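Report on one structure; see the data block that follows.
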Amino acid sequence: MRPLYLGPYTPAEASTTAFNAQGFTSTGEATAPTTTATTDSLAHKVTLTSPSQASLAGVTFTLVGTDPDGHDISDSFIGPASASTVTSTKFFKTLTTIQPSATMGVLTLAVGISVLAISPTIALTNSSAAAGMTVAVTGTINYTVYETFSNVFVHNSNTVSTTISALTSKAANTSGNASVSATGVLLLVNSVTAPATFTIWLNQNSSGLA
């Protein structure tokens with residue numbers, strides 16, 4: 001593998017209205033939000049925020065979109081009570097539709113993002129050499145790099161991953177190595193104060209495994 005880099009990325013802060021200002025509603029049909037992609041090219045957890053109104057905790061919302069690697073994903077969870085927020089378990093780079101299990105009537109939601117965000121997965125070479133990397137940052141940001149041994153070219157590989165200890169909860173330029181035979185790495189933004197950036201620089205000896 002030749003040396004490569006991913007970035008720079010400028011992660012967005014949490015925003016309750018990143019995908020849709022207060023006013024999203026549906027009669028039970030799959031409905032597109034006003035904005036269907038994140039502005040920072042990262043995948044974020046999605047938030048549904050309710051104003052002071054009747055509870056939507058009896059309604060299940062199904063989100064459909066894509067993950068940071070372009071794979072189709074969906075996530076279903078219970079809606080928020082009055083004046084509260086619920087958050088998806090999956091990370092969405094694009095959000096195509098939101099479908100409630102029942103009509104929302106006159107009730108509305110804001111659709112936003114949490115600060116938690118993940119980068120696209122960097123696929124590694126099948127090699128006896130570990131991939132070495134440096135994460136370079138500017139501004140105020142905290143991040144963790146994960147590695148996976150799953151097939152990074154299939155759906156949801158980023159959900160089967162573990163932290164690289166040398167690159168866990170870091171807030172400055174830091175170097176570390178993935179494990180030998182890891183198939184990919186990705187970065188999780190734990191917190192950020194805009195403006196901040198991160199870039200991943202990576203190199204791996206390409207001699208193949210026997």
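Residues in the stretch 22-36 that are of a type in the set (G, A, S) and buried (at least 16 other Cβ atoms within 10 Å of the Cβ): S26 only.
In this structure, does I164 turn out to be touching an Asp or Glu at 6+ places or on another chain (Cβ under 6 Å) and either more than 24 Å from G70 (Cβ to Cβ) or not assigned by TED's automatic domain parsing to the domain that holds L95 (or both)? Before you say what the answer is, go through the steps one by one.
Working: touching an Asp or Glu at 6+ places or on another chain (Cβ under 6 Å): yes; either more than 24 Å from G70 (Cβ to Cβ) or not assigned by TED's automatic domain parsing to the domain that holds L95 (or both): yes.
Considered against the rule, which asks whether it is touching an Asp or Glu at 6+ places or on another chain (Cβ under 6 Å) and either more than 24 Å from G70 (Cβ to Cβ) or not assigned by TED's automatic domain parsing to the domain that holds L95 (or both), I164 comes out as yes.
Scanning the stretch 128-178 for residues that are closer than 26 Å to D75 by Cα and among the charged types (D, E, K, R) yields a single hit, E147.
Restricting attention to the stretch 79-98, does a residue exist that is at pLDDT below 95, out of contact with any Cys (no Cβ under 8 Å at 6 or more places or on another chain), closer than 30 Å to S181 by Cβ and of a type outside the set (V, I, T)?
Looking for residues that are at pLDDT below 95, out of contact with any Cys (no Cβ under 8 Å at 6 or more places or on another chain), closer than 30 Å to S181 by Cβ and of a type outside the set (V, I, T), one finds none in the stretch 79-98, hence no.
The set of residues in the stretch 37-63 being under 21 Å from S191 (Cβ atoms), crowded, with 22+ Cβ neighbours inside 10 Å and of a type in the set (S, T, Y) consists of T38, T47.
Only one of the listed residues (T39, T87, T35, T17) is touching a strand residue (DSSP E or B) at 6+ places or on another chain (Cβ under 6 Å), part of a loop (DSSP other than H, G, I, E, B) and under 23 Å from V115 (Cβ atoms). That residue is T35.
Annotation: of all residues in the stretch 17-49 being β-branched (V, I, T) and in contact with a Leu (Cβ under 9 Å, 6 or more places away or on another chain), the one that is nearest to D72 (Cα to Cα) is T36.
Taking the stated definitions as given, is D67 under 18 Å from P11 (Cα atoms), outside the structural domain of A178 (by TED's automatic domain parsing) and touching a helix residue (DSSP H, G or I) at 6+ places or on another chain (Cβ under 8 Å)? Yes.
Out of curiosity, is A54 of a type in the set (G, A, S) and out of contact with any Pro (no Cβ under 7 Å at 6 or more places or on another chain)? Working first, answer last.
Numbers: of a type in the set (G, A, S): yes; out of contact with any Pro (no Cβ under 7 Å at 6 or more places or on another chain): yes.
Taking the combined requirement at face value, the residue satisfies it.
Within the stretch 79-132, restricting attention to residues that are crowded, with 17+ Cβ neighbours inside 10 Å and without any contact (Cβ under 8 Å) to a residue 40 or more places away in the chain, which residue is nearest to K45 (Cα to Cα)? Applying the filter and picking the extreme gives V86. Within the stretch 61-84, does at least one residue satisfy the condition of being touching a strand residue (DSSP E or B) at 6+ places or on another chain (Cβ under 6 Å), farther than 21 Å from T17 by Cβ and part of a loop (DSSP other than H, G, I, E, B)? Yes, the stretch 61-84 contains at least one residue that is touching a strand residue (DSSP E or B) at 6+ places or on another chain (Cβ under 6 Å), farther than 21 Å from T17 by Cβ and part of a loop (DSSP other than H, G, I, E, B).
The values are calculated or read from the model by the stated rules, or taken from the named source; none is laboratory data. Treat the numbers as computed from the prediction; the structure is a model and nothing was measured. Every residue, glycine among them, receives a Cβ derived from its backbone with ideal geometry; neighbour counts consider all protein chains shown.
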